[in-house]
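To start, the structure under review is shown below, and the notes come after it.
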Amino acid sequence: MKDIILYGHSGSGNHGCEAIIRSTLKVLGCDCVVYSSNPDQDKKYGLIGDIKNYSLRINPNSLRRYFYAVYCRIFSNSMIRYKYLYKPFLDSITEGKIYLSVGGDHYCYGSYSNHIYDFLSNTIKSKGSKSVLWSCSIESKDLDKHTIQSLKKYDLITARESITYQNLMDIGIDKNVVLIPDVAFQLPTENVELPENLSKENTIGINISPMIQKYGENKEIIFKNYENLISYILKNTTCSVALIPHVVWSDTDDRIPLQTLYHRFQNSGRVVLIEDRPAQEMKGIISQCCFFIGARTHATIAAYSSCVPTLVIGYSIKARGIAKDIFGQEEGYVLPVQSMNSAADLTTAFQKLWDKRDEIANYLRDFMPQYCERVWDARKVLQDL
């Protein structure tokens, strides 16, 4: 498996991205080259190995930036910019290898992102190597004519949940697609001590993301839902609350809303803000919770794979699809952020799952081993490729 190259990694400050890289290397059983947008960030979180710089940065005040902006607008073509931005990676592409686009969400953010990965994949193919879209989710609304044609060119697509898989089947992308759970279900768990005031199996983990505030109809109501939920937990249970960040990038930092929640409840003595740490340590914290409420997909994957009953605050297909594949339905297990119109919605959804938490935990203990085992199919399909 030494001829496999990973690219599209955005940096380990998103511990979901980090989890995908760590789990992929585990499943492949080798130290593949990883092209990362932020190797220094990866080093900070202990992601070691052959990590190379993936892209260049353009100074926002440079003449180059203004030239590209004007050129791309006049000619409706961004290829000249992509060729510069991704030059370190493009120059490294050689014949006879397999290149894995490892972001998972690369085709989830509209045409700009789609065009970038179309360009990179087409370049890989033109140089005589094979191109794989790895552990992905894709919304049906993003499957325009151009994207459909691009996806058909991949040598392999591994869809991480069945809604994406069915979307691709329905539009005729059926020759190069396999359904395999998100590779991060194989992320190792590192044993860590819980901070003071938290006890194993009597702690409820909570994750909030600026992303859900972006997708929701009302940011204030979304945040008020979290406040009301924590108030309910403190009043009606003996549990402590662990506020758990999973992405700490400056433009979408979970710690910002979590710190506001912490300051609101810190005098209770039962609410703790977890410090940033690598993905497998975050999973170690989450695995010791008796219940988890999460917005970040890979935080909830850490909970599911640890057999922790989980309520997902979802904003996209990936949350819905993963819950459906685990429980046979998404209803009750995913609260779409777009549907949060009342400040009591989150508490109501929590109550329903909290009342059957033992039943859910038993189900997960029975179901998850075989589900997580299916991730190893990814190695076989690459060997076949």
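What the table below lists for this structure:
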| quantity | calculated |
| --- | --- |
| Packing-based order for 268-274, 248-254, using average beta carbon neighbours within 10 Å, highest first | 268-274, 248-254 |
| Burial order of peptide ranges 159-166, 302-309 (average beta-carbon count within 10 Å, highest first) | 302-309, 159-166 |
| The stretch 86-143 versus the stretch 319-369: alpha-carbon centroid distance in Å | 33 |
| Among beta bridges that DSSP assigns inside the chain, antiparallel share in %, nearest 5 | 5 |
| Of Lys52/Lys130; Lys52/Lys141; Lys26/Lys175; Lys125/Lys175, those spanning more than 24 Å from alpha-carbon to alpha-carbon | Lys52/Lys141; Lys26/Lys175 |
| Segments 336-349, 40-53 sorted - mean Cβ within 10 Å per residue, highest first | 336-349, 40-53 |
| Lysine pairs within the stretch 203-354, Cα separation less than 21 Å, 8 or more sequence positions apart or different chains | 7 |
| Residue-averaged 222 nm ellipticity for the chain, from DSSP H runs of 4+ at -39500 (n - 2.57), nearest 500 | -13500 deg cm²/dmol |
| Global geometry of the stretch 203-354, whether rounded, prolate or oblate, following the gyration tensor of its Cα atoms and the 1.5 cut on a/c | rounded |
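Any read-out appearing in this document is the output of simple, stated calculations on the displayed coordinates, not a laboratory observation. Because the structure is a prediction, the values reported are computed rather than measured. Cβ sites come from the backbone with ideal geometry, for glycine too, and all protein chains shown count toward neighbours.
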